[in-house]
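Where a number appears in this text, it was derived from the coordinates with a stated rule and is not lab data. All values derive from a computational prediction rather than experimental measurement. Because the Cβ atoms are built from the backbone with ideal geometry, glycine has one as well, and the counts that use them run over all protein chains shown.
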Amino acid sequence: MVALLVIMAGIILLFTPKGRALAQEVFHFFTFAENDVLPLPSGQPAELPPPTRTAALTQIVELQEVTPAVNPSSAMSYPTATSVPPVEANAPIWNLSIEEAEQLAGYEIHVPVSLPPGYRLDNVIFVPQTQEVTQIYSFHPYSAGEQVILHQRPSAPDDVIGQSAAVEQMTIGGIAVEFVEGSWFGEAGAEAETWQAKSGSSRQRRLRH
């Protein structure tokens with residue numbers, strides 16, 4: 001009963017202003033927004049709604065089973081070897097190899113020890129402005145946008161999450177990890193975006209020395 005009361009007190013505390021302020025000090029990798037609605041920056045062009053299209057004729061076809069590749073690629077395999085130079089200063093550089101990204105970033109890039117069947121490395125991106133390296137691993141055959149995206153940078157990002165977001169803390173291999181499910185979503189042309197806890201997207205942050 002004592003343990004239950006302690007847990008309940010902790011839950012109630014997180015829903016109070018003082019509790020949220022305390023949570024900001026406890027959680028190191030995520031910043032809680034004041035609420036679950038985040039205004040979009042002003043002065044940026046809004047995305048136009050997609051044009052209305054004539055509905056296509058309905059066709060009924062048999063379902064086909066989608067299976068991973070028989071011989072899945074290793075975590076280091078990469079289909080493209082030609083990098084794309086930035087069109088302007090501080091613009092992201094796409095289609096790099098891990099070695100090229102390490103040379104540009106000036107630090108060691110950590111890659112997965114292994115990948116789930118069907119996933120392979122599809123892109124490596126370097127952002128000069130933040131010194132961030134992004135690795136994109138996609139499922140093949142590609143169907144519904146199944147991806148694992150890894151970000152690495154020398155300084156912690158200012159990752160803002162909704163006020164109602166639930167952050168979990170854990171330790172993996174002796175490394176502190178914070179995990180949160182959800183993402184921001186805004187309709188085309190909207191002036192604000194809303195935190196969606198059940199969006200199917202999740203983020204994990206860890207600090208590695």
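Within the range 165-203, which residues are surrounded by 14 or more Cβ atoms within 10 Å (Cβ to Cβ), touching a Phe, Trp or Tyr at 6+ places or on another chain (Cβ under 7 Å) and either of a type in the set (Val, Ile, Thr) or not in a strand (DSSP E or B) (or both)? The answer is Ala165, Val167, Val180, Gly182, Thr194.
Can you find a residue that is polar (S, T, N, Q), surrounded by 14 or more Cβ atoms within 10 Å (Cβ to Cβ) and part of a loop (DSSP other than H, G, I, E, B) anywhere in the range 124-140? Working first, answer last.
Going through the range 124-140, the residues polar (S, T, N, Q) turn out to be 129-131, 134-135, 138.
Checking which are surrounded by 14 or more Cβ atoms within 10 Å (Cβ to Cβ) leaves us with 130-131, 134-135, 138.
Now restrict to residues that are part of a loop (DSSP other than H, G, I, E, B): 130-131.
Yes, that holds for at least one residue.
Is it the case, given these coordinates, that Asn90 is over 15 Å from His151 (Cβ atoms) and surrounded by fewer than 16 Cβ atoms within 10 Å (Cβ to Cβ)? Judged against the criteria, Asn90 is a match. Residues in the range 141-162 that are outside any strand (DSSP E or B) and either aliphatic (A, V, I, L, M) or touching a Pro at 6+ places or on another chain (Cβ under 8 Å) (or both): Ala144, Ala156.
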